[in-house]
Amino acid sequence: MTAILLDGAVIARHTFSELEPRVRALGKLGVRPGLAAVCVGDDPASAIYVRNKVRACTEVGLHSEVHTLGANCTENALLEKLERINHNPDIHGVIVQLPLPRQLDAGRVQRAIAVDKDVDGFGWHHLGALVAGHPVYTPCTPLGVMAMLDYAGITIEGRRAVVVGRSVIVGKPMALLLISRGATVTVCNSKTPDLARLTADADILVAATGRAGLITADMVKTGAAVIDVGINRLPDGKITGDVDFAAVNAKAGWLTPVPGGVGRMTVAMLIANTVTAAERQSGMTPA
Ligand code: GUN
């Protein structure tokens, strides 16, 4: 048996096709959804991610702009930049690409994004709303994972889900989304004792640790849905996930590739959140 591959490019295209009529409806009101991405420094991976986000904006008909600051920029300079973008009526969504250089406090920077433009959903307002079960803008990667599970028709309610990773960007919101859909969720990390015993029980396994090949076939239940959020660069420059793809492919029921899996969905959900932000800010839907 080999797993059914969850192709992020195909599912992202499906998301885009659902967004197009919404973008057209906004266009009739004279509104073009706009996304601003702020990049600090010259991290090569961040540059690629931002380029992909800009490309997706163009594909769906959104306006986008990239603001780049030097690696040595002060927090005040970044906060002033965000303040200007917050007040720009052509921009409905703002993201600060992570990671940030060490001298900057990422939490403080994210909280400087206007709540109604925080389309990454990393600010406390949106994280709190997610905990309360009333999400507004949900972090894009876990939202993309849910879209992949739904697209494939994978049952979530009543299933055992294990999330390996506890970050604010992926692990914690992922667990909350799965809980809200009725899964029984265990949150682990790469240092969890006897990790394999817990993951082997999972009907849905989400790996988000940033450790190449951490999830081996013996850690996976036969027929499970295995979602690989990892994007790791090997010494030879190749990109690989947290899952031992070849071995797990022979055991899982569904599997996401890296690249071409969850990463595509992160971008698609960012575009979706930006369209939603434009609808709210133009009064098309309640704020
Ligand atoms: N770095 C890695 N993932 C993300 C993301 O979803 N948003 C931003 N802004 N930075 C990231």
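Send over the semi-axes of region 11-61's equivalent ellipsoid, whole angstrom and largest first, taken as the square roots of 5 times the C-alpha gyration tensor eigenvalues.
Numbers: eigenvalues 131, 40, 7 Å².
They are 26, 14, 6 Å, listed largest first.
Cα-based Rg of region 191-287 per 2.2 N^0.38 Å, rounded to two decimals? List each step's numbers first, then the result.
Values: Rg = 17.0 Å, N = 97, 2.2 N^0.38 = 12.5 Å.
Normalised by 2.2 N^0.38 Å, the Cα Rg of region 191-287 equals 1.36.
Is it possible to state the helix-based mean residue ellipticity at 222 nm for the chain, with each DSSP H run of 4+ residues giving -39500 (n - 2.57), the sum divided by total residues, to the nearest 500 deg cm²/dmol? What is it? Intermediate results must be reported in sequence, preceding the final value.
Details: 10 runs with 116 residues, N = 287.
-12500 deg cm²/dmol, from helical runs alone.
Sort the following peptides by mean Cβ neighbour count (other Cβ atoms within 10 Å, averaged over residues), highest first: 99-106, 131-138, 169-176.
So the peptides 99-106, 131-138, 169-176, ranked by packing, come out 169-176, 131-138, 99-106.
Just order 75-81, 270-276 by mean Cβ neighbour count inside 10 Å, highest at the front, would you? All intermediate terms of the calculation are to be shown ahead of the outcome.
Values: 75-81: 14.6, 270-276: 26.0.
Per-residue mean Cβ counts within 10 Å order the peptides as 270-276, 75-81.
Counting other C-beta atoms within 10 Å, and keeping those with at most 16, which DSSP coil trypsin sites (Lys or Arg not before Pro) do you find in region 229-287?
Values: sites: R233, K238, K251, R264, R280; in loops: K238, K251.
Qualifying residues, ordered by number: K238.
If you wrap region 185-238's Cα atoms in a convex hull and average its projection over all directions, what's the area in nm²? Don't jump to the answer; show the numbers that get you there.
On the way: hull surface 16.1 nm².
If you wrap the Cα atoms of region 185-238 in a convex hull and average its projections, you get 4.0 nm².
Going from the alpha-carbon gyration tensor of the chain, what semi-axes, largest first and in whole Å, does one get by taking the root of 5 times each eigenvalue?
Details: eigenvalues 200, 90, 63 Å².
They are 32, 21, 18 Å, listed largest first.
Over 31 Å between Cα atoms, which of K28/K172; K28/K53; K191/K251; K53/K191; K172/K251 qualify?
Beyond 31 Å: K28/K172; K53/K191.
I need two numbers for region 10-142: Rg to one decimal and Dmax as a whole number, Cα atoms only, in Å.
Radius of gyration, then largest Cα-Cα span, for region 10-142: 15.2, 44 Å.
Coordinate-derived values only; no laboratory data. Note that this is a predicted model, so its numbers are computed, not measured. Positions of Cβ are backbone-derived with ideal geometry, glycine not excepted, and every protein chain shown enters the neighbour counts.
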